[in-house]
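Visitor: Please read through the structure below; I'll follow up with questions.
The values are calculated or read from the model by the stated rules, or taken from the named source; none is laboratory data. It should be emphasised that the depicted structure is a prediction, and the values quoted were computed from it without experimental measurement. Cβ placement follows ideal geometry from the backbone for every residue including glycine, while neighbour counts extend to all protein chains displayed. We work out accessible area using only protein heavy atoms, side chains counted, and drop any ligands, DNA or RNA first. Shrake-Rupley method; radii C 1.70, N 1.55, O 1.52, S 1.80 Å.
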Amino acid sequence: SIVEFSPPEMLEETIRALYRKTRRHVLITGAKGVGKTTFVHELARVATTGKFPFLQGKRFVWIDCQYVAREDSRACLESVLHFTVGQQNLVLCLDGLASLLKRPGGEDNKQVFKAALARPDLQVVAILSKWEFNDLIGSDAELMEYFTRIEIEEPHGESLTQIVQAIARQLEQEFSLKIPEA
């Protein structure tokens, strides 16, 4: 099970973005290891609860693109996008979007990606590091017109304590053990 730790306002902002007709794609950004992937998994879990009726029929498809080589990026992106054609109620979750956008020789696949984002039948939730966002997307006003950006910050204080406690409970259940409170 997914550890629930996302601030409710961040989750609600993401859900509102998925409800919109414009800027209905979501970019999840943040430093490495802050929980971007876990946040998207939590979003998919929340979609199944029925709390947000418009999400109930959505199918979240997870694709890990982090290790796609630059010379394969165009073909991989086109294959992924071809898979989505005709799919109804699909939310395409791309972990490591930067690998799909970069091509050899400093070229990119942004035009192909922009064309796909304009399709009314497709919604994308993409994960990027802060650096990748700044390098590839942040300065592209045309591309940013499609997205709502959600920045995941490093957890600290009470939220960090809650995360550690939730993980401890999960480990206790999974491995039938007792972790003492600190």
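Visitor: Of everything in the range 59-77, what is surrounded by 14 or more Cβ atoms within 10 Å (Cβ to Cβ) and either in contact with a Leu (Cβ under 7 Å, 6 or more places away or on another chain) or of a type in the set (A, V, I, L, M) (or both)? Give them in sequence order.
Guide: Selection gives Val61, Ile63, Cys65, Val68, Ser73, Cys76, Leu77.
Visitor: Can you find a residue in the range 82-90 that is assigned to a strand (DSSP E or B) and either free of Cβ contacts under 8 Å to residues at least 60 places away in the same chain or farther than 20 Å from Asp140 by Cβ (or both)? Let's see the steps before the verdict.
Guide: Step one: list which residues in the range 82-90 are assigned to a strand (DSSP E or B), which gives 90.
Within this subset, residues satisfying the condition of being either free of Cβ contacts under 8 Å to residues at least 60 places away in the same chain or farther than 20 Å from Asp140 by Cβ (or both) are 90.
Among the residues of the range 82-90, at least one is assigned to a strand (DSSP E or B) and either free of Cβ contacts under 8 Å to residues at least 60 places away in the same chain or farther than 20 Å from Asp140 by Cβ (or both), which makes the answer yes.
Visitor: Still on this structure, I have one more. So Thr148 ticks every box in (1) open to solvent by 50 Å² or more (accessible area, probe 1.4 Å); (2) closer than 21 Å to Lys32 by Cα but one. Which box is left unticked?
Guide: Tallying (1) open to solvent by 50 Å² or more (accessible area, probe 1.4 Å); (2) closer than 21 Å to Lys32 by Cα, Thr148 fails exactly one: (1).
Visitor: Take Lys110 and decide whether it is open to solvent by 20 Å² or more (accessible area, probe 1.4 Å) and modelled with pLDDT of 95 or more. Break it down into steps so the answer makes sense when it comes.
Guide: On the way: open to solvent by 20 Å² or more (accessible area, probe 1.4 Å): yes; modelled with pLDDT of 95 or more: yes.
Taking the combined requirement at face value, the residue satisfies it.
Visitor: Determine whether Ala126 is assigned to a strand (DSSP E or B), buried (at least 17 other Cβ atoms within 10 Å of the Cβ) and among the hydrophobic types (A, V, I, L, M, F, W, C). Before the answer, list the steps.
Guide: Numbers: assigned to a strand (DSSP E or B): yes; buried (at least 17 other Cβ atoms within 10 Å of the Cβ): yes; among the hydrophobic types (A, V, I, L, M, F, W, C): yes.
So Ala126 fits the description; yes.
Visitor: May I pose another question? Going residue by residue through the range 161-180, is there one that turns out to be under 22 Å from Lys58 (Cβ atoms) and in contact with a helix residue (DSSP H, G or I) (Cβ under 6 Å, 6 or more places away or on another chain)? Spell out how you get there, then give the answer.
Guide: Quick first cut of the range 161-180, residues under 22 Å from Lys58 (Cβ atoms) only: none.
So far as the range 161-180 goes, no, none of its residues is under 22 Å from Lys58 (Cβ atoms) and in contact with a helix residue (DSSP H, G or I) (Cβ under 6 Å, 6 or more places away or on another chain).
Visitor: So Thr22 clears everything in (1) in a loop (DSSP other than H, G, I, E, B); (2) open to solvent by 40 Å² or more (accessible area, probe 1.4 Å); (3) farther than 20 Å from Phe147 by Cα except one condition, right? Which one?
Guide: (3)
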